[in-house]
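Step one of this worksheet: look at the structure below.
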Amino acid sequence: MWWAWPFLPALVLLSELSVVKVQTAPCQTCRKLTESFIKGLEKTANKNFGGGNTAWEEEKLAKYARSETRLLEIVEGACEKTDFECNKLLEQIEDQVETWWFHRQQEAPDLFDWLCIEELRLCCPPGHYGPECKECPSGPGGVCGGLGRCEGEGTRLGDGECVCDPGYSGHLCQNCADGYYRERSSNDSSGACAACYHSCKKCKGPQDYKCLDCKPGWILHDNKCVDIDECGTELARCPSNTYCHNTDGSYECRGCDSACVGCMGSGPARCKKCARGYRLKGAKCLDIDECSERAIACPGLNEACVNEEGSFHCDCADGFIRRDSICVENKPPIDPEKGLFDDMTDDEILVLQQMFFGVIICAIATLAAKGDMVFTAIFIGGVAAMAGYWLTEKGDYMLDGFLKGR
């Protein structure tokens, strides 16, 4: 082993880094992994055996019970493929699992205690919490008096304080919380904590007349808690353009009506002042119809006034549309005048051209027949041009029509 000495510091460092990584895994993942492992143990307990030569089966079963084959079968089904945390932890603790399987099963049969609590130090025994697995606060009824839970119990986390059940308070959850009272018990044991009337902070019973102290927003009067109307006192604080609305044990600020600038309640009849576009009529702030009261509400040409709540706007009159901030008559666009040949199709124009050239050539042919050499030359040139046009541009079309019988 002398050859390994130079590498010992590196091996120790890698081992420590592995432990640090494992310790970041939560206790819940380790617990889930060990529970799945135990289920695998139970599932493979009598695998492939069940009848026949009993002596032979017992010999084979004894070998299979601690075999590497069985271990691999259990490990393969310990984590679901989609459970990333479980698979990651299992990959990190392969050596520890093999050690327990081959060497520690007899002396430490509880895999969770040996692996998660002692070896990996991810969890604590029941009733303990924190990095050092300190004992949780306990009372006559157990942890937190049996009336709450210890923060971080069973893990290496938490501060160990008691989180009491509803209705209980105190270090060991032995007292009744505000809004609860102690019921009388038929024996010498302490009774349970029951709820007071909803407005009572402390009480002697569930009725509204057994209050000893009141919750905020209420005042005690003859052992009853009476609601305080904050809106009638200086206790209410509401922003501008809102009003105070009293509720049981409190109050809320609600928005004023759109007709108001400041108000004392809901609706246009509770305004302190009318908003712009409204006028006081009787006891209410009502909308002003600017369109009927103004001589020329909309000065633009061809505009119409449209009244709306608290204001008005100008729109184009019927039959007009707005273009560049001006209302103009909504007429369909006028098409330009069509030319003589605009409605003709391409084929009709082509026939007309052929007729025109035919007339010209006939006239030139008549003159050429009289022996005029100039017109004879023009006639021959025109015929050649027409023949060239038809044989080039229209040749394919004519040939295709001829072959198809058209």
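The table for this structure:
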item: 26 Å Cα-Cα threshold exceeded, pairs from LYS43/LYS88; LYS43/LYS134; LYS215/LYS272; LYS32/LYS63; result: LYS43/LYS134; LYS215/LYS272; LYS32/LYS63
item: Least to most buried among ILE360, ILE296 (fewest other Cβ within 10 Å first); result: ILE296, ILE360
item: Distance between segment 151-170 and segment 74-95 - C-alpha centres, whole angstrom; result: 31
item: Cut-off 12 Å between beta-carbons: net charge of the residues surrounding ILE117, Lys and Arg +1, Asp and Glu -1; result: -1
item: Low-density loop positions, trypsin sites (Lys or Arg not before Pro), segment 218-272 - DSSP coil, at most 15 other Cβ in 10 Å; result: ARG237, LYS272
item: Listed residue (PRO268, CYS256, ALA283) projecting farthest to the positive dipole end of segment 242-287, Cβ model; result: ALA283
item: Footprinting exposure proxy for THR29, THR44, THR82, THR366 (fewest neighbouring C-beta atoms within 10 Å first); result: THR82, THR366, THR44, THR29
item: Cleavage-rule hits (trypsin sites (Lys or Arg not before Pro)) in segment 68-112: DSSP loop, at most 11 neighbouring Cβ within 10 angstrom; result: LYS81
item: Taking segment 242-287 and dividing mean pair separation by its residue count, relative contact order in percent (alpha carbons under 8 Å, at least six apart); result: 27
item: Backbone HN-Hα couplings from phi across segment 145-158 [Karplus 6.51/-1.76/1.60, Hz, Gly and Pro as x]; result: x, x, 10, x, 10, 7, 5, x, 4, x, 10, 8, 10, x
item: Calculated from backbone phi, Karplus (6.51, -1.76, 1.60) coupling profile of segment 209-214 in Hz, x at Gly/Pro; result: 9, 10, 7, 10, 8, 10
item: Within-14-Å neighbourhood charge of LEU235 [Cβ basis; K, R +1; D, E -1]; result: -4
item: Amide H contacts of GLY127 (H built 1.01 Å from N, under 5 Å, at least 5 apart or other chain); result: GLY154
item: Length gained when the stretch ASP229-GLU94 is fully extended (0.36 nm per residue, less Cα-Cα span); result: 41.7 nm
item: Net charge of Cβ neighbours under 10 Å - reference GLY319; Lys, Arg +1; Asp, Glu -1; result: -1
item: Segment 258-341 shape via C-alpha gyration tensor axes, a/c threshold 1.5; result: prolate
item: Shape category assigned to segment 128-227 from the gyration tensor of Cα positions, a/c cut at 1.5; result: oblate
item: Potential lengthening between LYS39 and HIS103 on full extension [0.36 nm per residue; Cα-Cα distance subtracted]; result: 21.0 nm
item: Segment 117-169 - charge dipole about Cα centre, Lys and Arg +1 at Cβ, Asp and Glu -1, debye rounded to 20; result: 40
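Taken together, the values in this text are just the output of simple stated rules run on the coordinates, not laboratory data. Note that this is a predicted model, so its numbers are computed, not measured. So basically every Cβ, Gly included, is an ideal-geometry build from the backbone, and we count neighbours across all protein chains shown.
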